[in-house]
Amino acid sequence: FCSLWQGDYGCTFTYSAQGGTNEQWQMNVGVSEDSGLFSCSIWRPQGKSYLFFTQFKAEVKGAKIEYAMAYSQAAVGAQNDIPLKQEEFEITETTVSHREGKFRFELSKLVIVAKTPRDEL
C-alpha cells in the first residue's frame, strides 16, 4: 500500500502480490502548470516485475480519471512498455483496478492522467 499527494490531489496504490522479494518500485505524482491535470505513475524501473499480482487498485483523490493504462512490462533500454489487454483491468472515474478472472497477474507499470475540478472563471 502506498500513497502520494501533490497539493489537493492524491494517488493511492493498493495491491496484493506474491514472490519477487525486495523489488524496487517508484511512484510519481505531478500537476500540470495550469493545474488542470493531475498525473500519477507507478512503475518498476528495472522493467519487468516478477511479483505475482493477485489484485491491484490505484485510486485518485480530488480528480477524475481522463486516461489510464496498465502495462505488464515497463520500458528499459530498447524495450518498450507492453500494455495489458483492455479486458484485464477496468477504469472508473477515480480508480483503475484488476478485473477478476481476466487479469493475468502481471503488472510492471501503471499510468493515470486525471482532470482536476478547477473552477472555471
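Nothing in this text is a laboratory measurement; each read-out follows from the coordinates by a stated rule. Values in this document were obtained by computation on a predicted structure and should not be read as measured data. With ideal geometry, Cβ positions are generated from the backbone for all residues, glycine too; neighbour counts draw on all protein chains shown.
Couple of notes before you dig in:
- Eligible aspartates and glutamates near Lys64 by straight Cα distance, threshold 17 Å, same-chain separation 8 or greater: Asp8, Asp34, Glu90, Glu93, Asp119, Glu120
- Rounded to the nearest Hz, the phi-derived 3J(HN,Hα) couplings of the range 76-86 under the Karplus curve 6.51 cos²θ - 1.76 cosθ + 1.60 (θ = phi - 60°) are 9, x, 8, 6, 9, 4, 10, x, 6, 5, 3, where x marks glycine and proline.
- Only the Cβ atoms of Lys and Arg (+1) and of Asp and Glu (-1) were treated as charged; on that basis the dipole of the chain about its Cα centre amounts to roughly 420 debye.
- Nearest-0.05 FRET efficiency for Glu87 and Lys64, computed from C-beta distance (R0 30 Å): 0.85
- Inter-label distance, nm, simple model (7 Å from Cα along the C-beta direction), Val76/Lys57: 3.0
- GNM on the chain, alpha-carbon springs under 10 angstrom: the most fluctuating residue among Ser72, Ser32, Ser41 is Ser32.
- Sites listed here are chymotrypsin sites (Phe, Trp or Tyr not before Pro) in the range 81-121 whose DSSP assignment is loop and whose Cβ has at most 16 other Cβ atoms within 10 Å: Phe105.
- Projecting label points 7 angstrom from Cα along Cα→Cβ for Arg104 and Gln18 puts them 1.9 nm apart.
- Judged by a Cβ-Cβ distance under 4.7 Å, the unpaired cysteines of the chain are Cys2.
- Calculated from backbone phi, Karplus (6.51, -1.76, 1.60) coupling profile of the range 59-70 in Hz, x at Gly/Pro: 10, 9, 10, x, 8, 10, 5, 9, 8, 8, 8, 10
- Positive minus negative residues near Val76 (Lys, Arg vs Asp, Glu; Cβ under 10 Å): +1
- Cα coordinate range in the range 53-110, projected on the principal axes (Å, largest first): 36, 25, 16
- GNM flexibility winner over the chain from Gln55, Gln73, Gln86 (Cα, springs under 10 Å): Gln86
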